[in-house]
1. Once the Cβ-Cβ distance between LYS480 and SER112 is put in as r, and R0 is 30 Å, what FRET efficiency do you end up with, to the nearest 0.05?
2. Just checking my list (i) 31.4, 107; (ii) 34.8, 116; (iii) 37.4, 138 against Rg and Dmax of the Cα atoms in Å computed from this structure; which label fits?
3. What's the carbon and sulfur percent of the range 108-166's accessible surface, probe 1.4 angstrom, rounded to a whole number?
4. Kirkwood Rh, Cα Rg: Rg to Rh for the range 370-451?
5. Could you work out how much longer the chain between SER846 and LYS369 gets when fully extended? Use 0.36 nm per residue separation minus the Cα distance between them, nm to one decimal.
6. Based on the alpha carbon coordinates of the range 406-526, what radius of gyration and maximum Cα-Cα distance (Dmax) apply, in Å?
7. How large is the convex hull of the Cα atoms of the range 93-187 per residue, expressed in Å³ as a whole number?
8. Put a dot 7 Å past each Cα toward the Cβ at ARG230 and TYR602; how far apart are the dots in nm?
Amino acid sequence: MKTGKSQKSLNSKERPLYNPHELEIKWQKQWEANGLDLTIEPDPGDKTFYALSMFPYPSGTLHMGHVRNYVITDVLARFHRMKGYKVLQPMGWDAFGLPAENAAIERGVSPSNWTKNNICQMREQLKRLGLSIDWNREFATCDSEYYRWTQYLFLELFDSGLAYQKEAIVNWDPIDKTVLANEQVDPDGKSWRSGAVVEKKLLKQWFLKITDYAPKLLNDLNGLIDWPERVKTMQSNWIGKSEGVTIQFKLENSAEEYIEVFTTRADTLFGVTYLVLAPEHPLLDNIVSREQKPKLEHFKDSINQLSDMERASDRREKCGINIGTNALHPITGEPIPLWVGDYVLPHYGSGIVMGVPAHDQRDFKFAKKYDLPIKYVIKNPNINEASEDFAFTDEGIMFNSSIYNGKKSKEVKLEIIKKGEEEGWAKSQTNYKLRDWLISRQRYWGCPIPIIHCVSCGTVPLNINDLPLKLPPLEGKLSKGDSELTKDIDWVDTICPKCSGPAKRETDTMDTFMCSSWYFLRFTDPKNNSKPFSYETSDKWLPVSQYVGGIEHAILHLLYARFFTKALFDKHLVKIKEPFQKLLTQGMVQGVTYKNPRSGAYIHQSKIQDKSSPLDPNSGEKLEVIYEKMSKSKYNGVDPSGVIDKFGADTSRLFILFKAPPEKDLEWDDADVEGQYRFICRLCKLVKRVTNKFDTRKLKKFKIDYTKQNLTKEDKELRRLVHMAIISVTEDLEDNPQFNTAISELMKLSNAINEMFDVVSDTLLLESTIVLIKLLAPFAPHISEEFWFQLQKEKSVHLSEWPKHDNDAITKDSFELIIQVKGKVRGSIQAPANADNNELERLVLSSEISKKWLLGKDPRRIIIVPGKLVNLVP
């Protein structure tokens with residue numbers, strides 16, 4: 001395994017030919033002065049391309065993951081601009097949220113100052129990459145002129161009944177002292193931010209009714225043909241559609257009371273031996289027996305610290321208690337014991353599940369643990385007797401099921417549902433696992449919720465004319481206790497906009513994902529002072545043509561943005577139903593990592609003396625050398641600024657694009673970075689040879705004008721290679737971007753020009769060089785611009801037209817025809833590309849090869865494979 005050590009030092013003699021630092025600063029200043037990257041508003045009929053990277057949290061320092069994301073987007077933006085599209089490539093900052101607040105608390109500064117300083121620093125780092133970003137459209141979500149419109153959109157949702165407040169059991173982060181959405185709790189029940197074990201609390205919180213859009217969010221995934229299947233599968237699983245039936249079970253000793261149970265397996269109804277309620281079910285306190293009530297309360301306390309994911313996880317042993325009450329089977333009337341189980345969640349279905357241990361593996365384990373009856377009612381049609389060692393979960397033949405015995409379970413499922421609906425104890429139903437989006441956060445650094453609580457009027461929305469509701473300035477230092485908003489009495493106490501009586505402001509702030517769920521809309525119309533965006537202006541650009549970001553946002557950000565777009569569509573605020581046409585989820589950037597396999601400790605590279613045989617400096621143990629995602633905690637990060645300082649931005653861009661396909665993980669290696677630097681140096685030498693061959697006046701006046709019939713054999717071959725490169729690079733940048741193979745084509749073309757430099761005409765030499773520079777421009781914008789002006793061009797290469805291939809150029813006049821005798825290759829000749837079989841036969845028989853091997857005799861058979869070979873059979 002490579003360890004990132006350069007295999008060969010840079011040749012200092014090459015440096016004067018290519019000084020990336022001076023060159024890149026020069027062109028970045030020139031582009032800014034000329035407004036090269038400013039967005040040109042499209043006219044009717046114009047082709048548009050909206051290129052967008054998921055905007056960053058302003059941590060203060062770029063990492064290589066950022067570089068990969070933004071360079072990918074930039075290549076596509078530059079490519080489409082040269083293809084004649086009006087291009088929008090903006091940049092902003094996802095600036096609210098806990099990370100900034102926690103950083104400010106640790107440093108004793110305000111989150112506002114901390115964030116603004118970081119933005120300034122990261123903006124300059126991004127500009128060094130030569131990204132063609134329209135910085136005039138920049139904003140941060142913590143700008144009051146931005147969150148004014150986040151509040152406006154919240155009120156639109158509130159007006160539609162999609163935003164509401166209720167008391168609910170929520171996920172509580174004990175370290176960050178705030179509520180978390182279900183999506184922000186990992187499978188181990190820990191906070192995605194702080195890593196703390198999440199607790200459960202009953203709090204009054206704000207929610208968005210994303211569940212109202214569950215069918216649309218699920219069904220419309222089918223139309224996202226340019227999204228990765230992995231992302232669509234993750235969203236589909238999270239939405240979790242289940243087709244089933246709700247069945248009523250009457251309570252024993254009660255003529256009127258019943259409980260409802262949702263199931264997707266009505267065919268197993270005769271196999272129910274117990275029912276299990278969620279510990280939070282509201283009926284529990286009314287139906288639990290007096291003897292079991294203390295045990296129930298103790299059981300509830302024991303699972304209070306478990307997250308929903310932990311409770312539902314197959315890795316955990318399930319626990320429960322009998323509550324001392326029975327229900328009655330809707331068909332047989334038999335008593336069925338009621339249990340409470342930690343694995344049943346209150347917000348899925350009715351919060352009660354049927355226990356069918358014979359036909360559900362989870363139920364089987366639960367029944368075995370608590371010695372509950374197991375009744376098989378479906379059997380494998382290929383086996384005479386059902387095994388009692390495990391649950392049979394497939395479809396099969398019914399037995400132990402009264403009048404349904406001997407029928408196929410698939411048919412019986414429908415028959416039982418029909419019977420239940422006719423008798424009034426069953427109803428077909430579709431359920432979703434998706435829960436409403438909890439947006440309340442008990443922190444200061446977030447978008448204030450524009451709601452007033454009035455004793456007389458209740459919950460009252462703020463008037464739109466009073467927006468933005470700004471965060472109050474901080475008078476002291478932040479702390480990790482209660483939100484500073486709750487402590488600011490002057491801010492909390494206010495006047496009701498409805499009755500003018502005394503009232504209080506909502507002190508929760510919004511989840512930062514609220515801000516990032518619509519930011520792409522604001523970029524289309526960022527200077528609008530009367531509304532978040534104009535319907536007409538946004539329609540010119542939307543949907544986003546290409547969205548680029550990490551797979552980790554598949555469920556959170558991408559799902560929320562889709563919901564927001566659909567809700568705004570229903571409000572007639574946007575014309576689109578989906579926000580992002582194409583989605584590219586780039587792989588991670590991995591660095592060489594030294595790890596002690598026994599302790600799991602990561603070791604900094606600087607502490608390793610011999611990298612060919614690395615040892616733990618503390619214990620002397622042999623270390624693993626592996627590639628892992630770059631991280632400060634793993635000591636394997638590479639500072640982009642250091643790479644740019646050493647090699648330049650163009651080299652960094654080429655490496656990050658060439659090393660691996662965009663959707664795959666990339667393994668960082670300094671030697672490969674150096675390889676891209678050398679490639680640029682070779683290009684510098686090539687262009688220097690070209691400019692030395694033509695004086696300045698000739699370059700200015702030179703026009704590519706030639707008669708194809710007068711091209712030499714070498715001219716035709718180079719021209720063919722040039723136009724094959726145009727086809728390949730263009731294809732690699734279109735439907736399914738493959739930047740690594742595109743750069744490989746550029747390398748092959750540059751090698752071909754160098755090899756044929758002295759044998760082709762001036763026309764072909766100049767044409768091939770110009771095409772090479774144009775094809776290189778999206779990948780390495782600075783050096784391409786330098787080459788372009790060395791060829792005495794007046795306008796920027798990035799404003800030039802993308803090369804178009806000539807079909808005639810890629811067609812060969814002749815081809816190599818293989819000659820076989822009795823199936824063995826004996827030689828080859830050149831044959832005209834348009835030769836028919838008769839002509840091929842004539843050419844072969846008159847060749848010296850056939851004369852030699854046929855010894856003057858005529859062949860008995862001639863087998864011709866057009867365009868490839870002729871086989872002579874003597």
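1. Working: r = 18 Å, r/R0 = 0.59.
It comes to 0.95.
2. Only one listed value fits the structure, namely (ii).
3. On the way: 920 of 2110 Å².
That share works out to 44 percent.
4. So for the range 370-451, dividing Rg by the Kirkwood Rh gives 1.31.
5. 162.8 nm
6. Cα only, the range 406-526: 24.2, 77 Å (Rg, Dmax).
7. Normalising the Cα hull of the range 93-187 by residue number yields 177 Å³.
8. 2.0
The values are calculated or read from the model by the stated rules, or taken from the named source; none is laboratory data. Because the structure is predicted, anything quoted here is derived from the model rather than measured. Note that we place each Cβ from the backbone using ideal geometry, even for glycine, and neighbour counts take in every protein chain shown. These area figures cover heavy atoms from the full protein model, side chains too; ligands, DNA and RNA do not enter into them. Shrake-Rupley method; radii C 1.70, N 1.55, O 1.52, S 1.80 Å.
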